[in-house]
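The block underneath contains the structure these notes are about, expressed in structure tokens.
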Amino acid sequence: MATVLILGATSDMAAAISRRFAQQQFNIQLAARSVEKLAPLQSDINIRYGVSCTAHEFNALDFQSHEPFFHKLPVKPDITICVFGYLGENETARSNWPETERIIGTNYTGAVSILNIVSAYYAAQKKGTIAGISSVAGERGRQSNYIYGSAKAGFTAYLSGLRNRMYREGVHVVTVQPGFVYTRMTENLTLPPMLTAKPEDVANDIFTAVSQRKNIVYTKWFWRWIMLVIVMIPEFMFKKMKL
């Protein structure tokens, strides 16, 4: 029975992803900073799906702990899904470096740190799958969230390069590009219902992408075309827009 590692497992999206893979009889490893918060999800998965579900302490911003964390896992995962992220507040971050550092560290540096370790292990095994949740916000900087967007842009580029590097090693890398998603992270935002996905939508798309070895997946699917239009807007026009 294959095992899936969920990094950042306390989020709504992570819970949906965990359940989606557990439905298909994958064993689940939940990893998060607050292990005690994982207990209800762990218990639910164990009972509801009859698979092994374990909880492990993981801090995305404690880079030095990443290697010991991965190597101490009792069973190495066949699939690793990097879910953790931090939206932050752009205007606060502009004048508050710790907020900027947290946004960049969580969305880019922490993800690169742990996935470097995971990908090196998979390369040695000549197999494995990595899925990283980035964001359409990384496809073009906007005044409302360009610090978050810049970190996600870096993560998207990292996943693209990692996919290119790992292909010859037999390791598959999936880039997940959600648009708006109803989660606790976005609960204070007014989101357009027609454009906004549920965590379960992201989970279904990730499961399909992993199963079918897709390279890039957008949730909802039409965000691929929305972002294509946005990226094509000339800069002299784009800089005047309030986005």
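Residue-by-condition table, conditions (1) in contact with a Phe, Trp or Tyr (Cβ under 6 Å, 6 or more places away or on another chain); (2) closer than 21 Å to Lys127 by Cβ; (3) touching a residue at least 40 places away in the same chain (Cβ under 8 Å):
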site: Ser34; (1), (2), (3): no, no, no
site: Leu38; (1), (2), (3): no, no, no
site: Tyr49; (1), (2), (3): no, no, no
site: Ala60; (1), (2), (3): yes, no, yes
site: Pro68; (1), (2), (3): no, no, no
site: Asp78; (1), (2), (3): no, yes, yes
site: Cys82; (1), (2), (3): no, yes, yes
site: Ala93; (1), (2), (3): no, no, yes
site: Trp97; (1), (2), (3): no, no, no
* To do: Please name all residue pairs, on different chains or six or more residues apart, with Cβ atoms under 7 Å, provided the first residue is in the stretch 201-224 and is under 20 Å from Pro77 (Cα atoms) and the second residue is in a helix (DSSP H, G or I).
  => Ala203/Ala16; Ala203/Ile17; Ala203/Arg20; Asn204/Arg20; Ile206/Ile17; Phe207/Arg20; Phe207/Phe21; Asn215/Arg163
* Quick one: which residue in Val112, Val173 is among the hydrophobic types (A, V, I, L, M, F, W, C), touching a residue at least 40 places away in the same chain (Cβ under 8 Å) and touching a strand residue (DSSP E or B) at 6+ places or on another chain (Cβ under 8 Å)? => Val173
* Residue selected from the stretch 53-100 under the condition among the acidic types (Asp, Glu) and not in a loop (DSSP other than H, G, I, E, B), by the criterion nearest to the chain's Cα centre (by Cα) -> Glu57
* To do: Determine if the stretch 7-18 includes at least one residue that is more than 18 Å from Asp205 (Cα to Cα), at pLDDT 95 or above and either part of a helix (DSSP H, G or I) or of a type in the set (D, E, K, R) (or both).
  => no
* Output for the stretch 25-51, where each listed residue is part of a helix (DSSP H, G or I), surrounded by 15 or more Cβ atoms within 10 Å (Cβ to Cβ) and either touching a Ser or Thr at 6+ places or on another chain (Cβ under 7 Å) or not charged (D, E, K, R) (or both) -> Val35, Leu38, Leu41, Gln42, Ile45, Asn46, Tyr49
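The values are calculated or read from the model by the stated rules, or taken from the named source; none is laboratory data. What you see is a predicted model; the values in this text were computed from it and never measured. All Cβ positions, glycine included, derive from the backbone under ideal geometry; neighbour counts span all protein chains shown.
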